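A quick write-up on the structure given underneath.
The values are calculated or read from the model by the stated rules, or taken from the named source; none is laboratory data. Keep in mind that what you see is a predicted model, and the values were worked out from it rather than measured. Positions of Cβ are backbone-derived with ideal geometry, glycine not excepted, and every protein chain shown enters the neighbour counts. Just the protein is used for accessible areas: all its heavy atoms, side chains included, with ligands, DNA and RNA removed. Shrake-Rupley method; radii C 1.70, N 1.55, O 1.52, S 1.80 Å.
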Amino acid sequence: MDLQNQMKQVVADAAIQEVKSGMIVGLGSGSTAALMIKSLAGEINSGKLKNIKGVPTSFQSEVLALELNIPLVDLASVSEIDIAIDGADEVDPEFQLIKGGGACHVREKLVASKANKLLIVVDETKLVRNLNKVFPLPVEVLPSAWKQVKDTITGMNGNSKLRMATKKAGPVVTDQGNLILDVLFRDGIKDPENLELIINNIPGVLENGLFVDMTDKVLVGKIEKNQPVLYIPEKN
(Lines give C-alpha, C1' and ligand atoms only; values in the text may rest on other atoms or scores of the structure.)
Protein backbone atom coordinates (compact mmCIF):
# COMPACT_ATOMS: atom_id res chain seq x y z
CA MET A 1 0.00 0.00 0.00
CA ASP A 2 1.46 3.38 -1.02
CA LEU A 3 1.74 6.31 1.42
CA GLN A 4 -1.43 7.98 0.14
CA ASN A 5 -3.52 4.88 0.82
CA GLN A 6 -1.73 4.27 4.12
CA MET A 7 -2.74 7.80 5.15
CA LYS A 8 -6.35 7.05 4.24
CA GLN A 9 -6.22 3.74 6.09
CA VAL A 10 -5.06 5.48 9.28
CA VAL A 11 -8.17 7.69 9.36
CA ALA A 12 -10.47 4.86 8.28
CA ASP A 13 -9.27 2.70 11.18
CA ALA A 14 -9.54 5.62 13.62
CA ALA A 15 -13.11 6.29 12.53
CA ILE A 16 -14.17 2.73 13.34
CA GLN A 17 -13.10 3.30 16.96
CA GLU A 18 -16.10 5.66 17.20
CA VAL A 19 -18.52 2.83 16.37
CA LYS A 20 -20.06 0.80 19.18
CA SER A 21 -22.08 -2.43 19.11
CA GLY A 22 -25.77 -1.94 18.40
CA MET A 23 -25.28 1.22 16.32
CA ILE A 24 -26.87 2.18 13.02
CA VAL A 25 -24.00 3.54 10.91
CA GLY A 26 -24.18 5.77 7.85
CA LEU A 27 -21.76 4.37 5.28
CA GLY A 28 -20.13 7.10 3.24
CA SER A 29 -18.89 7.10 -0.34
CA GLY A 30 -15.48 7.59 -1.92
CA SER A 31 -12.04 6.04 -1.54
CA THR A 32 -11.46 6.79 2.15
CA ALA A 33 -15.01 5.79 3.08
CA ALA A 34 -14.51 2.52 1.18
CA LEU A 35 -11.52 1.72 3.40
CA MET A 36 -13.67 2.56 6.42
CA ILE A 37 -16.37 0.14 5.26
CA LYS A 38 -13.75 -2.60 4.85
CA SER A 39 -12.40 -1.90 8.35
CA LEU A 40 -15.94 -1.97 9.74
CA ALA A 41 -16.57 -5.33 8.09
CA GLY A 42 -13.40 -6.67 9.69
CA GLU A 43 -14.57 -5.61 13.15
CA ILE A 44 -17.99 -7.18 12.57
CA ASN A 45 -16.60 -10.44 11.20
CA SER A 46 -14.13 -10.72 14.11
CA GLY A 47 -16.98 -10.35 16.60
CA LYS A 48 -15.65 -7.10 18.10
CA LEU A 49 -18.72 -5.23 16.88
CA LYS A 50 -22.16 -6.83 17.10
CA ASN A 51 -25.64 -5.94 15.87
CA ILE A 52 -24.38 -3.26 13.47
CA LYS A 53 -26.66 -2.04 10.70
CA GLY A 54 -25.42 0.14 7.85
CA VAL A 55 -27.25 2.81 5.87
CA PRO A 56 -25.46 3.31 2.52
CA THR A 57 -25.09 6.76 0.98
CA SER A 58 -24.66 5.48 -2.58
CA PHE A 59 -24.97 2.45 -4.79
CA GLN A 60 -21.16 2.18 -4.50
CA SER A 61 -21.22 1.86 -0.71
CA GLU A 62 -24.25 -0.44 -0.85
CA VAL A 63 -22.53 -2.89 -3.19
CA LEU A 64 -19.32 -2.88 -1.14
CA ALA A 65 -21.19 -3.42 2.14
CA LEU A 66 -23.21 -6.30 0.68
CA GLU A 67 -20.04 -7.93 -0.65
CA LEU A 68 -18.54 -7.68 2.86
CA ASN A 69 -21.70 -9.04 4.56
CA ILE A 70 -22.52 -5.85 6.48
CA PRO A 71 -26.25 -5.89 7.32
CA LEU A 72 -28.03 -2.96 5.67
CA VAL A 73 -31.24 -1.07 6.36
CA ASP A 74 -33.02 1.42 4.14
CA LEU A 75 -32.83 5.10 5.05
CA ALA A 76 -36.61 5.38 5.07
CA SER A 77 -36.91 2.62 7.67
CA VAL A 78 -34.85 4.35 10.40
CA SER A 79 -35.82 7.38 12.46
CA GLU A 80 -32.21 8.23 13.31
CA ILE A 81 -28.66 7.14 12.60
CA ASP A 82 -26.19 6.89 15.47
CA ILE A 83 -23.14 7.94 13.47
CA ALA A 84 -22.42 8.67 9.82
CA ILE A 85 -18.84 8.34 8.57
CA ASP A 86 -18.05 9.96 5.24
CA GLY A 87 -15.37 11.70 3.24
CA ALA A 88 -15.31 15.23 1.81
CA ASP A 89 -13.77 17.05 -1.13
CA GLU A 90 -13.02 20.22 0.85
CA VAL A 91 -13.13 21.06 4.57
CA ASP A 92 -12.72 24.64 5.79
CA PRO A 93 -11.59 25.75 9.30
CA GLU A 94 -15.22 25.94 10.48
CA PHE A 95 -15.86 22.35 9.29
CA GLN A 96 -18.06 23.49 6.43
CA LEU A 97 -17.78 21.04 3.56
CA ILE A 98 -18.00 20.61 -0.16
CA LYS A 99 -19.01 17.07 -1.09
CA GLY A 100 -20.20 15.46 -4.29
CA GLY A 101 -17.03 14.65 -6.21
CA GLY A 102 -18.50 11.18 -6.60
CA ALA A 103 -21.98 12.56 -7.43
CA CYS A 104 -23.46 11.04 -4.25
CA HIS A 105 -24.10 14.19 -2.24
CA VAL A 106 -27.90 13.99 -2.22
CA ARG A 107 -28.03 10.67 -0.39
CA GLU A 108 -24.99 11.66 1.66
CA LYS A 109 -26.80 14.75 2.90
CA LEU A 110 -29.97 12.79 3.65
CA VAL A 111 -27.97 10.33 5.76
CA ALA A 112 -25.96 13.10 7.45
CA SER A 113 -29.13 14.99 8.35
CA LYS A 114 -30.48 11.92 10.21
CA ALA A 115 -27.21 11.23 12.00
CA ASN A 116 -26.65 12.10 15.66
CA LYS A 117 -22.96 12.50 14.78
CA LEU A 118 -21.27 13.19 11.44
CA LEU A 119 -17.64 12.09 11.34
CA ILE A 120 -15.62 13.23 8.33
CA VAL A 121 -12.52 11.30 7.24
CA VAL A 122 -10.10 12.99 4.84
CA ASP A 123 -6.44 13.32 3.96
CA GLU A 124 -4.66 16.62 4.52
CA THR A 125 -5.03 17.71 0.88
CA LYS A 126 -8.76 18.26 1.52
CA LEU A 127 -8.19 20.98 4.14
CA VAL A 128 -8.65 24.49 2.69
CA ARG A 129 -8.82 28.04 4.00
CA ASN A 130 -11.73 28.96 1.71
CA LEU A 131 -14.20 26.70 -0.06
CA ASN A 132 -14.51 26.55 -3.83
CA LYS A 133 -11.24 28.26 -4.72
CA VAL A 134 -10.11 25.02 -6.36
CA PHE A 135 -12.76 22.32 -6.07
CA PRO A 136 -16.05 23.03 -7.87
CA LEU A 137 -19.39 22.88 -6.07
CA PRO A 138 -21.55 20.02 -7.39
CA VAL A 139 -25.17 20.91 -8.06
CA GLU A 140 -27.58 18.09 -8.93
CA VAL A 141 -30.21 19.16 -11.47
CA LEU A 142 -33.13 17.64 -13.29
CA PRO A 143 -31.99 16.59 -16.80
CA SER A 144 -34.48 18.90 -18.50
CA ALA A 145 -33.39 21.88 -16.39
CA TRP A 146 -29.58 21.82 -16.60
CA LYS A 147 -29.26 24.65 -19.13
CA GLN A 148 -31.76 26.86 -17.30
CA VAL A 149 -29.96 26.30 -14.00
CA LYS A 150 -26.59 26.92 -15.63
CA ASP A 151 -27.81 30.27 -16.98
CA THR A 152 -29.12 31.27 -13.54
CA ILE A 153 -25.81 30.39 -11.89
CA THR A 154 -23.93 32.36 -14.54
CA GLY A 155 -25.90 35.40 -13.38
CA MET A 156 -24.57 34.72 -9.86
CA ASN A 157 -20.94 34.97 -11.05
CA GLY A 158 -20.66 31.21 -11.16
CA ASN A 159 -18.89 29.35 -13.94
CA SER A 160 -20.59 25.98 -14.30
CA LYS A 161 -19.91 22.94 -16.47
CA LEU A 162 -22.01 19.87 -17.03
CA ARG A 163 -20.04 16.94 -15.60
CA MET A 164 -19.18 14.47 -18.34
CA ALA A 165 -18.68 10.76 -17.82
CA THR A 166 -15.50 8.81 -18.51
CA LYS A 167 -15.57 5.49 -20.37
CA LYS A 168 -19.09 6.45 -21.47
CA ALA A 169 -20.44 8.96 -23.96
CA GLY A 170 -22.44 11.77 -22.42
CA PRO A 171 -22.88 13.25 -18.95
CA VAL A 172 -22.59 11.67 -15.51
CA VAL A 173 -25.97 10.37 -14.34
CA THR A 174 -26.51 10.23 -10.56
CA ASP A 175 -28.10 7.39 -8.58
CA GLN A 176 -31.31 9.46 -8.73
CA GLY A 177 -31.17 9.74 -12.53
CA ASN A 178 -30.15 13.41 -12.59
CA LEU A 179 -27.21 15.45 -13.94
CA ILE A 180 -24.42 17.36 -12.19
CA LEU A 181 -23.28 20.93 -12.77
CA ASP A 182 -19.82 21.66 -11.34
CA VAL A 183 -19.66 25.31 -10.30
CA LEU A 184 -16.73 27.59 -9.52
CA PHE A 185 -17.63 31.02 -8.18
CA ARG A 186 -15.32 33.89 -9.09
CA ASP A 187 -14.26 34.63 -5.51
CA GLY A 188 -14.93 31.21 -4.00
CA ILE A 189 -17.68 30.70 -1.42
CA LYS A 190 -17.63 33.22 1.43
CA ASP A 191 -21.10 32.57 2.88
CA PRO A 192 -21.85 28.85 2.48
CA GLU A 193 -25.01 28.92 4.62
CA ASN A 194 -26.69 31.57 2.49
CA LEU A 195 -25.46 30.17 -0.81
CA GLU A 196 -26.70 26.66 -0.02
CA LEU A 197 -30.22 28.03 0.38
CA ILE A 198 -30.06 30.28 -2.69
CA ILE A 199 -28.92 27.47 -4.99
CA ASN A 200 -31.45 24.99 -3.63
CA ASN A 201 -34.21 27.51 -4.37
CA ILE A 202 -33.34 27.63 -8.08
CA PRO A 203 -36.08 25.78 -10.00
CA GLY A 204 -34.72 22.50 -11.32
CA VAL A 205 -32.10 22.03 -8.58
CA LEU A 206 -32.46 18.94 -6.40
CA GLU A 207 -29.53 19.56 -4.03
CA ASN A 208 -26.00 21.00 -3.89
CA GLY A 209 -22.79 19.79 -2.28
CA LEU A 210 -22.50 22.37 0.51
CA PHE A 211 -22.75 20.68 3.92
CA VAL A 212 -23.24 23.54 6.37
CA ASP A 213 -23.09 23.17 10.17
CA MET A 214 -23.43 19.39 9.95
CA THR A 215 -19.94 18.11 10.85
CA ASP A 216 -19.18 17.12 14.44
CA LYS A 217 -15.61 15.84 14.05
CA VAL A 218 -12.93 15.60 11.37
CA LEU A 219 -10.19 12.98 11.22
CA VAL A 220 -7.27 13.89 8.98
CA GLY A 221 -4.54 11.67 7.62
CA LYS A 222 -1.13 13.32 7.23
CA ILE A 223 2.36 12.26 6.19
CA GLU A 224 5.10 13.16 8.66
CA LYS A 225 8.68 11.89 8.30
CA ASN A 226 7.49 9.60 5.55
CA GLN A 227 4.95 7.96 7.87
CA PRO A 228 1.14 8.23 7.94
CA VAL A 229 -0.22 9.87 11.10
CA LEU A 230 -3.62 10.91 12.43
CA TYR A 231 -4.47 14.57 13.02
CA ILE A 232 -7.69 15.80 14.68
CA PRO A 233 -8.22 19.53 14.00
CA GLU A 234 -10.24 21.87 16.22
CA LYS A 235 -13.13 23.80 14.71
CA ASN A 236 -12.60 27.58 14.44
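With everything on Cα atoms, drop me the angle between helix 105-114 and the longest principal axis of the chain, reported from 0 to 90° to the nearest 10.
Helix 105-114 sits at roughly 60 degrees to that axis.
At a Cα cut-off below 17 Å, give the lysines reachable from Lys222, other chains included and same-chain residues fewer than 8 away excluded.
Candidates past the 8-residue exclusion: Lys8, Lys126.
Please give the charge dipole size of the chain, origin at the Cα centre, charges +1 on K and R Cβ atoms and -1 on D and E Cβ atoms. Round to the nearest 20 debye. Show your work: numbers first, answer last.
Values: 26 positive and 30 negative charges, 86 e Å.
Value, rounded to 20: 420 debye.
With an 8 Å Cα cut-off and a minimum separation of 6 or more residues, compute the relative contact order for the chain in percent. Numbers along the way, then the final one.
Working: 498 pairs, mean separation 53.5, N = 236.
For the chain, the relative contact order is 23 percent.
With angles folded into 0 to 90 degrees, how steeply does helix 31-45 sit against the dominant principal axis of the chain? Use alpha carbons for both and round to 10.
The two axes meet at around 30 degrees.
What length, rounded to one decimal in nm, is gained on full extension from Gln6 through to Ser113, with 0.36 nm per residue of separation minus their alpha-carbon distance?
Extra length from Gln6 to Ser113 when fully extended: 35.5 nm.
Around Gln9, with a cut-off of 15 angstrom between Cβ atoms, what is the net charge of the other residues, counting Lys and Arg +1 and Asp and Glu -1? Before the final figure, lay out the partial values.
Details: positive: Lys8, Lys38, Lys222; negative: Asp2, Asp13, Glu43, Asp123, Glu124.
With Lys, Arg at +1 and Asp, Glu at -1, the neighbours total -2.
Efficiency by 1/(1 + (r/R0)^6): what FRET value for Arg186 and Ser31, r their Cβ-Cβ distance, R0 = 25 Å, to the nearest 0.05?
Details: r = 30 Å, r/R0 = 1.20.
In this case the efficiency is close to 0.25.
Projecting each Cα onto the charge dipole of the chain (Lys/Arg +1, Asp/Glu -1 at the beta carbon, about the Cα centre), which of Gly158, Val173, Val134 comes out farthest on the positive side?
Val173
Computed FRET efficiency, Cβ-Cβ of Lys161 and Ile198, R0 30 Å: what is it to the nearest 0.05? Numbers along the way, then the final one.
On the way: r = 19 Å, r/R0 = 0.65.
Computed FRET efficiency for Lys161 and Ile198 comes out at 0.95.
Under 20 Å from the 7 Å Cα→Cβ point of Ile223, by amide nitrogen: which residues of region 90-120?
90-91
Quick one: if the Förster radius is 30 Å, what FRET efficiency do Leu142 and Ile232 give, using the C-beta to C-beta distance and rounding to 0.05? Write down the numbers at each step before the final one.
Working: r = 39 Å, r/R0 = 1.32.
Result of the calculation: an efficiency of 0.15.
With the cut-off at 32 Å, tell me which of the pairs Lys48/Lys168; Lys38/Lys109; Lys190/Lys225 have Cα atoms farther apart than that.
On the way: Lys48/Lys168 42 Å; Lys38/Lys109 22 Å; Lys190/Lys225 35 Å.
Too far apart for the 32 Å limit: Lys48/Lys168; Lys190/Lys225.
In nm, what is the difference between 0.36 nm times the number of residues separating Asp213 and Glu18 and their Cα-Cα distance?
Going from the current span to full extension adds 68.2 nm.
Take the solvent-accessible surface of the protein heavy atoms, probe 1.4 Å, and return the percent of it on region 61-191 that carbon and sulfur atoms account for.
Working: 3250 of 6220 Å².
Summing carbon and sulfur atoms, their accessible area is 52 percent of the total for region 61-191.
Over the Cα atoms, compute the radius of gyration (one decimal) and Dmax (the largest Cα-Cα distance, rounded to a whole number) for region 1-90, in Å.
12.3, 40
In whole Å, what is the distance between the alpha-carbon centres of region 109-182 and region 13-33?
Cα centres, region 109-182 to region 13-33: 23 Å.
Over the chain, how many percent of alpha carbon pairs lie in each 5 Å bin up to the one with the longest distance?
Cα pair-distance distribution for the chain, in percent: 1, 7, 14, 18, 19, 16, 13, 8, 3, 1, 0, 0.
On average, how much area does the Cα convex hull of region 143-236 cover when viewed from any direction, in nm²? Write down the numbers at each step before the final one.
Details: hull surface 37.1 nm².
Here the figure is 9.3 nm², rounded to one decimal.
Per residue of region 71-82, in order, report the coupling 6.51 cos²θ - 1.76 cosθ + 1.60 (Karplus, θ = phi - 60°) as ³J(HN,Hα) in whole Hz, putting x for Gly and Pro.
x, 10, 10, 6, 4, 5, 8, 10, 8, 7, 10, 5
Can you list the HN-Hα couplings for region 3-16, worked out from phi with the Karplus curve (6.51, -1.76, 1.60; θ = phi - 60°), rounded to whole Hz and with x for Gly and Pro?
4, 4, 6, 4, 4, 5, 5, 4, 6, 4, 5, 5, 5, 5
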